[in-house]
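*Asks:* What follows is a single structure, and I will ask about it in a moment.
Derivation of every value follows stated rules applied to the coordinates shown; laboratory data play no part. From a predicted model like this one, the values you see are computed outputs, not experimental measurements. Note that we place each Cβ from the backbone using ideal geometry, even for glycine, and neighbour counts take in every protein chain shown.
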Amino acid sequence: MSATAYLSAHQDEARYVDSPAVAVLEDGLRCRVSGPAGEDLATDMPSSVGGDGTAPSPGWFLRAAEASCVATLIAMRSAVLGADVGSVSVTVDSESDDRGILGLDPSTPAGPLAGRVLVTFVGSSAAEPLLHEIATWAFDHCPVTDAVRRAIPLELRVETE
């Protein structure tokens with residue numbers, strides 16, 4: 001039974017709490033991030049905002065998550081439609097203003113000002129309108145791009161021990 005068929009029949013099982021990511025400051029602005037199944041990555045900030053640039057920035061990981069999620073959804077959708085999409089590359093970039101993250105200008109957002117997603121198909125036998133439809137479907141159904149576009153509610157809690 002496919003995931004779509006199963007969840008259509010068992011809608012009460014579709015909603016769940018996602019696994020947590022726990023970041024611990026290591027040194028300066030460098031963090032070690034871990035997950036419950038052994039996931040592990042490091043982040044650091046670029047020197048322009050006080051980091052050492054020893055690892056990708058958290059913002060780069062956000063763009064990486066968007067790019068890999070859209071690529072994955074393209075693969076999923078093309079498999080459902082039986083479409084040969086050839087080689088797929090997804091590039092995500094954004095424009096930022098460091099005055100926001102440094103608190104220098106209260107009218108400047110700390111996060112990206114705008115983002116772009118470029119999907120490139122190479123060697124596909126599918127018609128261009130179908131490729132555009134698949135890319136659009138993937139962009140619209142990617143949980144990461146959806147969270148960024150929709151600005152989900154995000155709660156801050158602070159604990160002391």
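*Asks:* Take the Cα atoms of segment 46-101, build their convex hull, and give its volume per residue in Å³.
*Replies:* Looking at segment 46-101, the number lands at 91 Å³ per residue.
*Asks:* Please name which of SER57, SER68, GLY111 has its Cα lying farthest along the dipole of the chain towards the positive end, using unit charges on Cβ (Lys, Arg +1; Asp, Glu -1) and the Cα centre as origin.
*Replies:* Farthest towards the positive end: SER68.
*Asks:* Still on this structure: Tell me, in nm to one decimal, what length is gained between SER107 and THR120 on full extension, where the rule is 0.36 nm per residue of separation less the Cα-Cα distance?
*Replies:* Details: separation 13, 0.36 × 13 = 4.68 nm, distance 3.50 nm.
Contour length minus the Cα-Cα distance gives 1.2 nm.
*Asks:* Counting pairs of alpha carbon atoms under 8 Å apart in space and at least six apart in sequence, what relative contact order in percent does the chain give?
*Replies:* Over the chain, the number comes to 16 percent.
*Asks:* Continuing with the same structure: Which ³J(HN,Hα) values, rounded to whole Hz and listed in residue order, are derived for segment 70-76 from phi using the Karplus coefficients 6.51, -1.76 and 1.60 in 6.51 cos²θ - 1.76 cosθ + 1.60 with θ = phi - 60°, glycine and proline given as x?
*Replies:* These are the phi-based 3J(HN,Hα) values: 4, 4, 5, 5, 5, 4, 5 Hz.
*Asks:* In addition: Ignoring everything except DSSP H segments at least 4 long, calculate the 222 nm mean residue ellipticity for the chain; use -39,500 (n - 2.57) per segment, divide by total residues, nearest 500. Working shown, then result.
*Replies:* Values: 5 runs with 57 residues, N = 161.
After summing the helix terms and dividing by the residues of the chain, the value is -11000 deg cm²/dmol.
*Asks:* Now a separate question. Work out the length of the dipole vector of the chain about its Cα centre, built from +1 on the beta-carbon of each Lys and Arg and -1 on the beta-carbon of each Asp and Glu, and round it to the nearest 20 debye. Please report the intermediate quantities before stating the final value.
*Replies:* Working: 10 positive and 23 negative charges, 67 e Å.
With only Lys, Arg, Asp and Glu charged at Cβ, the dipole is about 320 debye.
*Asks:* Tell me, what is a quarter of the convex hull surface for the C-alpha atoms of the chain, in nm² with one decimal?
*Replies:* That works out to 13.4 nm².
*Asks:* Let me ask another. What spacing in nm lies between the two simple spin-label points modelled at GLU39 and HIS141, each 7 Å away from Cα in the Cβ direction?
*Replies:* 2.1 nm
*Asks:* Further, regarding this structure: Once the Cβ-Cβ distance between HIS10 and THR72 is put in as r, and R0 is 30 Å, what FRET efficiency do you end up with, to the nearest 0.05? Intermediate values should be presented prior to the final figure.
*Replies:* Numbers: r = 23 Å, r/R0 = 0.77.
E(calc), rounded to 0.05, equals 0.85.
*Asks:* Measure nothing fancy, just the Cα-based angle from helix 128-141's long axis to the longest principal axis of the chain, in degrees from 0 to 90, nearest 10.
*Replies:* Helix 128-141 sits roughly 50 degrees off the main axis of the chain.
*Asks:* Now a separate question. What FRET efficiency do you get for SER48 and LEU130 if R0 is 35 Å and r is their Cβ-Cβ distance, rounded to the nearest 0.05?
*Replies:* Efficiency, from the Cβ-Cβ distance: 0.25.
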